[in-house]
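Colleague: There's a structure below that I have some questions on.
The values are calculated or read from the model by the stated rules, or taken from the named source; none is laboratory data. Note that the structure is a prediction, hence the values are computed from the model and not measured. Reconstructed Cβ throughout: ideal geometry from the backbone, glycine too, with neighbour counts over all protein chains shown.
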Amino acid sequence: MTLTAVVVHRERPDACVATGRALLAQGVDHLVVVDNGSSAEAVAVVRGGLPGAELLELAHNTGFGPGANAGLRQWLAGGQGEWVLLAPHDAEPDAGCVATLVAAAADRAHAGLACAEYGTDDILNNRPTVNPLFGGVLAPSERRPGWEACDYPHGTLLLARRQCLDDIGLFDERYFAYCEETDLGIRARAAGWEVGVVWGAVVRNPGMTSTSGVPEYLMLRNSLHLVRWHFGRGHAAVHFAVATWITVRASLGGRRPIFWHRRGRFLALRDFALGRTGPPPESLSSFSVHQRRR
């Protein structure tokens, strides 16, 4: 079996090299690194650290989904293998992760998308689920070893089947980053493909926080769009009302969401109402966020 991995990179060359080497050490045959408009210095480090990788240099930061699509299109056109892995530049797969993930998915004739489990002991170990009111959420799981059906694969280490992507298409680039894998999972399941998380295939993502408002903005705006596009205006209106209440409450000193950024949330609510998609506003884009995946 020929296995390709696509790694999306922006301005984290050392982490990208470590991720690429880890994937190659676990049986990846062909590595495609998509650089999302990094500096020449960062690109040089990646090129030197991963000399055998195919490097696709994009002119600017297109976002995780569009960057991933550039690598996935390259793989689809090349006809190399049935399966492709996708990861951000700071994914850390545990020993045996790739083999466990691929074996569990390849054993199922209708498996289209799969993901590894997060290597933490908190709520992130729960099963990815889609709520018609709130989009991608996490539900309790018994975490028995092996395949468990879920609604979407998280993007920290995602495995996709060629025939599935040929069938449903690639990431919706309107999301830019965050929620695009939720949308992909919804479309895969609607087309009859199985989607699962593989317990025992462990990947870690060490830095899932940011002082930038970009993660908060994108997660809120995109989850509202996802609910609107897949479940209708009524469901989106409920989500919008709840999100507004949470934002106002937190602004007054109440409980705050995980990536709390007041301006980011207010801009997300505004831009959803205006129908805006794509990159975040320039006022939030002193892009300290490093494409960390949820």
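Colleague: Only one of Glu142, Glu181, Glu216 is assigned to a helix (DSSP H, G or I), acidic (Asp, Glu) and farther than 27 Å from Leu3 by Cα. Can you tell me which?
Modeller: None of the others qualify; the one that does is Glu216.
Colleague: From Gly136, Gly155, which residue is assigned to a loop (DSSP other than H, G, I, E, B) and either surrounded by 21 or more Cβ atoms within 10 Å (Cβ to Cβ) or not assigned by TED's automatic domain parsing to the domain that holds Leu23 (or both)?
Modeller: Gly155
Colleague: Given the criterion buried (at least 19 other Cβ atoms within 10 Å of the Cβ) and either β-branched (Val, Ile, Thr) or in a strand (DSSP E or B) (or both), identify the matching residue among Val7, Val45.
Modeller: None of the others qualify; the one that does is Val7.
Colleague: All but one of (1) modelled with pLDDT under 95; (2) buried (at least 18 other Cβ atoms within 10 Å of the Cβ); (3) out of contact with any helix residue (DSSP H, G or I) (no Cβ under 9 Å at 6 or more places or on another chain); (4) not aliphatic (A, V, I, L, M) hold for Ser212, so report the exception by its number.
Modeller: If we test Ser212 against (1) modelled with pLDDT under 95; (2) buried (at least 18 other Cβ atoms within 10 Å of the Cβ); (3) out of contact with any helix residue (DSSP H, G or I) (no Cβ under 9 Å at 6 or more places or on another chain); (4) not aliphatic (A, V, I, L, M), just (3) comes out false.
Colleague: Residue by residue through the range 262-288, note down the ones that are surrounded by 16 or more Cβ atoms within 10 Å (Cβ to Cβ) and more than 21 Å from the chain's Cα centre (by Cα).
Modeller: Phe266, Leu267, Leu269, Asp271
Yes/no per residue for (1) closer than 30 Å to Gly232 by Cβ; (2) in a loop (DSSP other than H, G, I, E, B); (3) at pLDDT 95 or above:
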position	(1), (2), (3)
Asn69	yes, no, yes
Leu72	yes, no, yes
Leu86	yes, no, yes
Thr100	no, no, yes
Ala104	no, no, yes
Gly112	yes, no, yes
Cys115	yes, no, yes
Asp121	no, yes, no
Val130	yes, no, yes
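Colleague: Considering the range 245-261 alone, what residues qualify as being under 17 Å from Val214 (Cβ atoms) and surrounded by 13 or more Cβ atoms within 10 Å (Cβ to Cβ)?
Modeller: Hits for the range 245-261 are Thr247, Arg256, Pro257, Phe259, Trp260, His261.
Colleague: Scanning for something among the charged types (D, E, K, R) and in contact (Cβ under 8 Å) with a residue 60 or more places away in the chain, does the range 35-43 turn up at least one residue?
Modeller: So far as the range 35-43 goes, no, none of its residues is among the charged types (D, E, K, R) and in contact (Cβ under 8 Å) with a residue 60 or more places away in the chain.
Colleague: Against the definition (within 15 Å of the chain's Cα centre (by Cα) and more than 19 Å from Met1 (Cα to Cα)), how does Ala91 come out, yes or no?
Modeller: Here the answer is yes, as Ala91 does meet what is asked.
Colleague: Now for a separate question. Out of the range 22-42, which residues are over 13 Å from Arg10 (Cβ atoms), buried (at least 17 other Cβ atoms within 10 Å of the Cβ) and not aliphatic (A, V, I, L, M)?
Modeller: Result: Gln26, His30.
Colleague: Between Ala177, Ala191, which is farther than 17 Å from Gly65 by Cα and either of a type in the set (A, V, I, L, M, F, W, C) or not assigned by TED's automatic domain parsing to the domain that holds Phe231 (or both)?
Modeller: Details: Ala177 fails: farther than 17 Å from Gly65 by Cα.
Step by step, each of Ala177, Ala191 is checked, and only Ala191 is farther than 17 Å from Gly65 by Cα and either of a type in the set (A, V, I, L, M, F, W, C) or not assigned by TED's automatic domain parsing to the domain that holds Phe231 (or both).
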